[in-house]
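K.L.:
Have a look at this one.
The values are calculated or read from the model by the stated rules, or taken from the named source; none is laboratory data. Because the structure is a prediction, the values reported are computed rather than measured. Cβ sites come from the backbone with ideal geometry, for glycine too, and all protein chains shown count toward neighbours.
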């Protein structure tokens, strides 16, 4: 989701997801929402070939409520998530969010969202749809 503003904005859905993501990030800066950061975010971002994108994304670590590190339990959780057909890195992201007891996991990955529909401990949701939740709670 951090990369969405850097994607081509020619498609309406991508523009909507970008606007939603920016709105969510503003609420994080206002301390109305809490951001969970994880070691897997650091790892993936380290491979970003664009320095300016990599640096812009890295700054969000400073806004995080908590930074999740790798643990044996987290790896076990990720392996169980992979049994649902979730890719390994995505499973690590979700396991990190579960470890932090996050209420929501926000992503633009439609395939991922379909695979996580049955997970009960966290709401996996698109950023545009998450705005409806924020509206409901007046955030």
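K.L.:
How many residues does the range 76-98 contain that are assigned to a loop (DSSP other than H, G, I, E, B) and either modelled with pLDDT under 95 or surrounded by fewer than 20 Cβ atoms within 10 Å (Cβ to Cβ) (or both)?
P.N.:
The qualifying residues number 4.
K.L.:
Just to check your reading of the model, which residue among 68, 110, 40 is closer than 26 Å to residue 139 by Cβ and surrounded by 14 or more Cβ atoms within 10 Å (Cβ to Cβ)?
P.N.:
68
K.L.:
For the range 103-139, which positions are within 11 Å of the chain's Cα centre (by Cα), closer than 20 Å to residue 22 by Cβ and not in a helix (DSSP H, G or I)?
P.N.:
Scanning the range 103-139 gives 104, 105, 106, 107, 108, 109, 125, 126.
K.L.:
I'd like to know if the range 61-69 contains one or more residues that are in contact with a strand residue (DSSP E or B) (Cβ under 8 Å, 6 or more places away or on another chain) and in a helix (DSSP H, G or I).
P.N.:
yes
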